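Beneath this line is the structure, given in C-alpha cells, with notes to follow.
Quick note: the coordinates plus some simple rules give every number you see, no bench work behind them. For clarity, every value in this text was computed on a predicted model and none was experimentally measured. Every residue, glycine among them, receives a Cβ derived from its backbone with ideal geometry; neighbour counts consider all protein chains shown.
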Amino acid sequence: MKVGVLGLQGDVPEHRRAITAADPTATLVTVRSPADLASLEALFLPGGESTTMARLLKLSGLWTPLGAALSAGLPVLATCAGLILLSDRLEPTEGAPDPPTLGGIDVTVKRNDYGRQRESFEATVRLPELGIPAFPGVFIRAPRIRRVGPAAEPIAWQGTEVVGLRQGLRWGLTFHPELSDDRRITRAFLAAARARSQ
Ligand code: GLN
C-alpha cells in the first residue's frame, strides 16, 4: 500500500514511524511536490503550524492538486494542524491571522482554543466506533471542535467533548496518535483506506 505523509512542515518523522509500526509493508512517500501525490492510497496530514503549512502548500504548488485529490476521495488522516486545513470553517482566532483552509470536513474549529496555560496536555480519549475504549490522547496547542456539521460524524471524545471526527474516509483528530506508542487508530485508518482501494 502506497501511503503519503505531507512533508512540508510539522511532525513528519513521527508519522512515518507510526505508519511503519502500524503496517511494516506500507510504502512511504514524503509528499513535497504535486508529483508525489501520484497513485497514493492514503495520506497523512501531520500536526505542526497550520499557517506555515498553508503557505508552503501554496509555494510548493500542492494546494490545488491536493484539493483535487481530496475531492476525488483520497483517504486522509489529519491530526491537529492537519485537521485545521481540512476544516470547512474556522472560528476566527482573536488577534492573529488564520490560514485559508482546503476544507473537506463539515466542521467548525477554533485554533489554539485550550488556552495558553494548558497549551499541551494528555487525556484519555474514547473511540467507541473503532472499538477503542481508551486511547492516550496527546494534545499540543490543539484546536477545539466547535460545531460538527451534518455531513461529518464524531468518532472521538475526551469526556463529553468531541476531539475527532470523520467524513467518509477523511478523518480528523485534534490530538496526536503519532506521538503515543499506541497504533490502533493508525491501523484502523489504514484498514479503512485499504478496503477502499481493493
Ligand atoms: N496550534 C497549531 C495551529 O494552529 C496546531 C498545533 C498542532 O498541530 N499541534 O496550526
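Worth pointing out:
- Sequence of E161, E49 once ranked by neighbouring C-beta atoms within 10 Å, starting from the fewest: E161, E49
- GNM top mover of R17, R116, R147 - the chain, alpha-carbon springs below 10 Å: R116
- Neighbours of A72 by Cβ distance under 13 Å: Lys/Arg scored +1, Asp/Glu scored -1, total +1.
- Dipole-positive endmost among T160, P97, A42 within the chain (Cβ charges, Cα centre): A42
- Annotation note: trypsin sites (Lys or Arg not before Pro) in segment 39-101 located in DSSP loop regions with a Cβ neighbour count of at most 11 within 10 Å are absent.
- Taking every DSSP beta bridge that has both ends in segment 58-148, the antiparallel portion is near 75%.
- Between L62, L130, L179, the Gaussian network model of the chain with springs among Cα atoms under 10 angstrom shows the greatest mean-square fluctuation at L130.
- Cα shape, segment 6-104, gyration tensor, a/c 1.5 rule: prolate
- Net +/- balance of residues flanking G7 in space, Cβ distance below 10 Å, scoring K and R +1, D and E -1: +1
- Projecting the Cα positions of W63, T174, F189 onto the charge dipole of the chain (unit charges on Cβ atoms of Lys, Arg, Asp and Glu, taken about the Cα centre) puts W63 furthest along the positive direction.
- DSSP bridge analysis restricted to the chain gives an antiparallel fraction near 50%, rounded to the nearest 5.
- Footprinting exposure proxy ranking of D11, D98, fewest other C-beta atoms within 10 angstrom first, gives D98, D11.
- Hull-based mean projected area of the chain, where the convex hull spans the alpha carbons, in square nanometres: 10.1
- Among the GluC sites (Glu not before Pro) in segment 57-139, those located in a DSSP loop and surrounded by at most 16 other Cβ atoms within 10 Å of their own Cβ are E94, E119.
- Remark: segment 137-198 projects, on average over all directions, an area of 4.7 nm² (convex hull of Cα atoms).
- If you take all other residues with their beta carbon under 14 Å from the beta carbon of E129, and give Lys and Arg +1 and Asp and Glu -1, the sum is +2.
- Around the Cα centre of segment 47-105, unit charges on the Cβ atoms of Lys, Arg, Asp and Glu (plus for the first two, minus for the last two) sum to a dipole of about 240 debye.
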